[in-house]
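Chemist: Below is one structure. I have some questions about it.
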Amino acid sequence: MFYDVYKAWRENLSQYPAEAFEAGDVLRALNRDRLDRLDLLALLSPAAQPYLEEMAQKAHRLTIQNFGRTISLFTPLYLANFCSNRCAYCSFNAQNQITRRQLSLEEVEQEARAIAGTGLQHILLLTGESRQKSGPEYIEACVERLRPHFASIGIEVYPLEEEEYRRLYEAGVDAFTMFQEAYDEDIYAEVHLAGPKRNHRYRMEGPERACRGGIASVNIGALLGLGEWRTESFFTALHAEYLQKHYPDVEVSISMPRLRPHVGTFQPVASPVTDPVLVQIMLAYRLFLPRVGLTLSTRESPELREDLLPLGVTRMSAGSLTSVGGYSEGTETGSPQFEIADDRPVDEIVKMLRTKGYQPTFCDWVNMRERTPALRQSTAK
Ligand code: SF4
């Protein structure tokens, strides 16, 4: 299990302080075809900061080699915002006084028609994390309603059992997103104040259960700004490396979400992730894992999303709303989970991508399905 890798590195990481890496370590990493974990640490270290341009050139080359100039587009659909957890950084925190809502199946279909009308074929379903209010049966019923409208359906919900992932896979789910939020267990305990989400290990093993349940595409990440960013980025990359190695037929990708304004007063203080830091993290991911997908969401501004495009991005959200419902009305209709920074409609994102020489992709699900066995066993020991 990845948890064992995580534990071993947690104990050993203090042997490799970021300040100990030098320019020579960065140059060695830049000149290698296959990077090891010390190379990754070098690229995340302060010594790499003068070499961001060289890293960007190599990242661009590797991305074109492995993905061409295509960007896969998707949008989130919030089915509900009930939640049993108290995450300090999220508007849906069970203690926040917001309007709680869950879409009926008829409303789900209305939303589906509105989203499909934009041309998007990849959708990501979110529910908040309440097993009581939005159980697997509800998600499955929504997926059945959505299937005729979309080529690919992803889920970003509370951690499930392997058998539940398999059931959702059979209902039509082929993609999965789960952010660990904080790999650092102490920080994780500090910001997850109550609820089942406090189980750090169960969440960390969610992506492996999803892979074994047959899901074809798995997206992970840390919520940048919670823990110390070098450590969080290092463990995110190790996690993606582990999944690629042990589930070679799964398409593995990483998101780089930064904390956004939300209901509540929590502000990250320990480790701010500035724009140059975000660039360094993204370049380190690309150089360490040339075949991993990199997802950039509407949390980032239009200008930054465009600047980051050539550095390794393979997937972007577009036309996103982060409240429950709203697509059929054309606007946010309740409390958003967080504020988005890029609110351009889908057709503007498509135009921008074409202008910059990229091919927006609405549908690549056929390949994923063909590569997905119904039952998948890890080769993990
Ligand atoms: S981050 Fe997820 S689990 Fe935490 S409060 Fe928000 S919706 Fe609930």
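Chemist: Does the range 235-326 come out rounded, prolate or oblate by the C-alpha gyration tensor, with a ≥ b ≥ c the root eigenvalues, rounded set by a/c under 1.5 and, if not, prolate when a/b is larger than b/c and oblate if not? List each step's numbers first, then the result.
Modeler: On the way: a/c = 1.59, a/b = 1.45, b/c = 1.10.
Verdict is prolate for the range 235-326.
Chemist: Please report the relative contact order for the chain, taking Cα pairs under 8 Å with a sequence separation of at least 6, and give it as a percent rounded to a whole number. Intermediate results must be reported in sequence, preceding the final value.
Modeler: Details: 725 pairs, mean separation 88.5, N = 381.
With pairs under 8 Å counted, the relative contact order is 23 percent.
Chemist: Could you give the size of the charge dipole of the chain about its Cα centre, using +1 on the Cβ of each K and R and -1 on the Cβ of each D and E, expressed in debye and rounded to the nearest 20? Can you show the working numbers first?
Modeler: Details: 42 positive and 51 negative charges, 107 e Å.
The calculation lands at about 520 debye.
Chemist: Between Leu304 and Ala23, what is the label-point separation in nm under the 7 Å Cα-to-beta-carbon projection?
Modeler: Placing both labels 7 Å along Cα→Cβ, they lie 2.9 nm apart.
Chemist: Oh, and also: Using modelled amide H (1.01 Å from N, peptide plane; none on Pro or chain starts), what sits under 5 Å from the amide H of Ile254, excluding residues fewer than 5 places away?
Modeler: Here Ile220, Gly293, Leu294, Thr295 satisfy the definition.
Chemist: Ordering Thr118, Thr361, Thr127 by how much accessible area each has at a 1.4 Å probe, largest first, what is the list? List each step's numbers first, then the result.
Modeler: Values: Thr118 65, Thr361 30, Thr127 0 Å².
Listed by decreasing accessible area, they come as Thr118, Thr361, Thr127.
Chemist: Determine the gain in length on full extension of the stretch Ile98-Thr355; use 0.36 nm per residue of separation and subtract their C-alpha separation, reporting nm with one decimal. Present the calculation step by step, with values, prior to reporting the outcome.
Modeler: Details: separation 257, 0.36 × 257 = 92.52 nm, distance 4.02 nm.
Once the chain is fully extended between Ile98 and Thr355, it gains 88.5 nm.
Chemist: Can you give me the C-alpha center-to-center distance between the range 120-145 and the range 165-234, rounded to a whole angstrom?
Modeler: When both Cα centres are located, 17 Å separates them.
Chemist: Among DSSP beta bridges whose residues both lie in the chain, state the antiparallel percentage, nearest 5. Intermediate results must be reported in sequence, preceding the final value.
Modeler: Numbers: 2 of 37 bridges.
Here the share of antiparallel DSSP bridges comes out near 5 percent.
Chemist: Could you work out how much longer the chain between Asn66 and Tyr16 gets when fully extended? Use 0.36 nm per residue separation minus the Cα distance between them, nm to one decimal. Kindly include the intermediate steps, with their values, before the conclusion.
Modeler: Numbers: separation 50, 0.36 × 50 = 18.00 nm, distance 3.07 nm.
Length gained between Asn66 and Tyr16: 14.9 nm.
Chemist: Using only the Cα atoms of the chain, build the gyration tensor, take square roots of its eigenvalues as a ≥ b ≥ c, and label the shape rounded, prolate or oblate: rounded if a/c is under 1.5, else prolate if a/b is larger than b/c, else oblate. Before the final figure, lay out the partial values.
Modeler: Numbers: a/c = 1.44, a/b = 1.32, b/c = 1.09.
Taking the square roots of the gyration eigenvalues as a ≥ b ≥ c, the chain is rounded.
Chemist: Right, something else. Looking at the chain, which Cys residues are left with no other cysteine's beta carbon under 4.7 Å from theirs?
Modeler: Flagged as lacking a Cys partner: Cys83, Cys142, Cys211, Cys363.
Chemist: If the cut-off is a Cα-Cα distance under 29 Å, which lysines reach Lys245, setting aside same-chain residues fewer than 8 apart in sequence?
Modeler: Partners found: Lys7, Lys58, Lys197, Lys381.
Chemist: If DNA, RNA and ligands are ignored and the probe is 1.4 Å, what is the ranking of Phe266, Phe74 by accessible area, most exposed first? Walk me through the intermediate numbers first.
Modeler: Working: Phe266 55, Phe74 15 Å².
Largest accessible area first, the residues go Phe266, Phe74.
Chemist: A further question on this structure: How large is ³J(HN,Hα), in whole Hz, for each residue of the range 190-199 in order, when computed from phi with the Karplus curve 6.51 cos²θ - 1.76 cosθ + 1.60 and θ = phi - 60°, using x for Gly and Pro?
Modeler: Once θ is set to phi - 60°, the couplings for the range 190-199 become 5, 9, 10, 7, 6, x, x, 5, 5, 7 Hz.
Chemist: Could you do me a favour and compute the accessible area per residue for the chain, 1.4 Å probe, result in Å²?
Modeler: With the other protein chains kept in place, the chain gives 40 Å² per residue.
Chemist: Relative contact order of the range 197-279, please, whole-number percent, based on alpha carbon pairs below 8 angstrom and at least 6 residues apart.
Modeler: Working: 82 pairs, mean separation 29.7, N = 83.
Relative contact order for the range 197-279 comes out at 36 percent.
Chemist: Out of Arg101, Arg28, Arg198, any idea which swings most in a Gaussian network model of the chain, alpha carbons joined below 10 Å?
Modeler: Top of the fluctuation ranking is Arg28.
Chemist: Carbon-plus-sulfur fraction of the accessible area of the chain, 1.4 Å probe, in percent? Before the final figure, lay out each step's value.
Modeler: On the way: 7570 of 15300 Å².
So the carbon and sulfur contribution to the accessible surface is 49 percent.
Chemist: Compute the Cα gyration tensor for the range 57-175, then decide on rounded, prolate or oblate, letting a ≥ b ≥ c be the square roots of its eigenvalues: rounded whenever a/c is under 1.5, prolate when a/b is larger than b/c in the other cases, and oblate in all that remain. Could the numbers behind the result be given before it?
Modeler: Values: a/c = 1.77, a/b = 1.43, b/c = 1.24.
Cα axes put the range 57-175 in the prolate bin.
Chemist: What residues have an amide H closer than 5 Å to that of Leu124, excluding those fewer than 5 places away on the same chain, when H is modeled at 1.01 Å from N in the peptide plane?
Modeler: Thr75, Leu77, Gly154
The values are calculated or read from the model by the stated rules, or taken from the named source; none is laboratory data. Bear in mind the structure is a predicted one, so any value in this text is a computation, not a measurement. FYI the Cβ positions are ideal-geometry reconstructions off the backbone, even for glycines, and counts take in every protein chain you see. The area values use the complete protein model at the heavy-atom level, side chains included, leaving out ligands, DNA and RNA. Shrake-Rupley method; radii C 1.70, N 1.55, O 1.52, S 1.80 Å.
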